[in-house]
Amino acid sequence: MPVTEVIKDEKSFTLTMVAEFAAPPERVWQVYADPRQMEKIWGPPEYPATVVDHELSPGGRVTYFMTSPEGEKYHGFWKVEAVDEPRSFEFEDFFADADFEPAEGMPASRNRYEFVASGRGTTARYVSTYESQEGLQKVLDMGVEEGATEAIAQIDELLLAEPSTAP
């Protein structure tokens, strides 16, 4: 299991996950930079993702939906704020309605995904910050920790199946 640490900080309203991958940061970066690869890892296995729009650049948007085993669609989108390829990117993440507008009553988060070369390959650090303790607690109650752990585990499988997409 690639997730090595989970830190829930109720004082700073953050959820931090640390993972290790046996691939260089450039390869892990590709998983998020390529919408078809991102579909394979965004969301837990039983809720596959479909990426609709994908502009991983400052000011860009990434829109997606996940489909439940019963066929229900759960929409979301990112507002990309900063990109430092292949080291990091930052974005706001929103639950959305079917028109990709923010879903009422659902917490948004600011996120920083960071990829650092390590002795084993890459250490990834995923930090999500919510506006309040209530927002953090709501997503924890919805199972975000378990779902994100399962989603991140799929990255290992993808890296083994598709070692590189570089020309």
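Considering only the range 77-99, state which residues are out of contact with any Lys or Arg (no Cβ under 8 Å at 6 or more places or on another chain) and either at pLDDT below 95 or over 30 Å from residue 22 (Cβ atoms) (or both).
95, 96, 97, 99
Please pick out the residue among 86, 69 that is of a type outside the set (A, V, I, L, M, F, W, C) and either crowded, with 17+ Cβ neighbours inside 10 Å or assigned to a strand (DSSP E or B) (or both).
Residue meeting the stated conditions: 86.
May I ask you to list pairs of residues, at least six apart or on different chains, whose Cβ atoms are under 6 Å apart, with the first in the range 118-145 being farther than 12 Å from residue 19 by Cα and the second being assigned to a helix (DSSP H, G or I)?
130/136
What number of residues in the range 32-42 are assigned to a helix (DSSP H, G or I) and β-branched (Val, Ile, Thr)?
Residues that pass the stated criteria total 0.
Do we find a residue being within 18 Å of the chain's Cα centre (by Cα), β-branched (Val, Ile, Thr) and not in a helix (DSSP H, G or I) anywhere in the range 137-149?
no
I'm trying to understand the selection: among the residues of the range 1-60, which are closer than 21 Å to residue 95 by Cβ, hydrophobic (A, V, I, L, M, F, W, C) and out of contact with any strand residue (DSSP E or B) (no Cβ under 7 Å at 6 or more places or on another chain)?
Selection gives 41 alone.
A quick yes/no check of all residues on (1) modelled with pLDDT under 95; (2) in a strand (DSSP E or B); (3) of a type in the set (Phe, Trp, Tyr):
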| residue | (1), (2), (3) |
| --- | --- |
| 7 | no, yes, no |
| 16 | no, yes, no |
| 19 | no, yes, no |
| 27 | no, no, no |
| 30 | no, no, no |
| 44 | yes, no, no |
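Filter the range 46-66 down to residues that are closer than 21 Å to residue 146 by Cβ and assigned to a strand (DSSP E or B), then give me how many there are.
Qualifying residue count, the range 46-66: 4.
Would you check which residues across the range 1-29 are within 16 Å of residue 147 (Cα to Cα) and of a type in the set (Asp, Glu) and list them?
Residue satisfying the conditions is 5 alone.
Looking at 109, 118, 57, which one is more than 27 Å from residue 4 (Cα to Cα) and not acidic (Asp, Glu)?
It is 57.
Against the conditions (1) of a type in the set (Asp, Glu); (2) at pLDDT 95 or above; (3) closer than 25 Å to residue 24 by Cα, where does residue 157 fall short? Just the number, please.
The single condition residue 157 does not satisfy is (2).
So which residues in the range 7-58 are touching a residue at least 24 places away in the same chain (Cβ under 8 Å) and of a type in the set (S, T, N, Q)?
12, 14, 16, 30, 37, 57
The values are calculated or read from the model by the stated rules, or taken from the named source; none is laboratory data. Owing to the predicted nature of the structure, the values given are computational and were not obtained by experimental measurement. Positions of Cβ are generated from backbone atoms using ideal geometry, with glycine treated the same way; all protein chains shown enter the neighbour counts.
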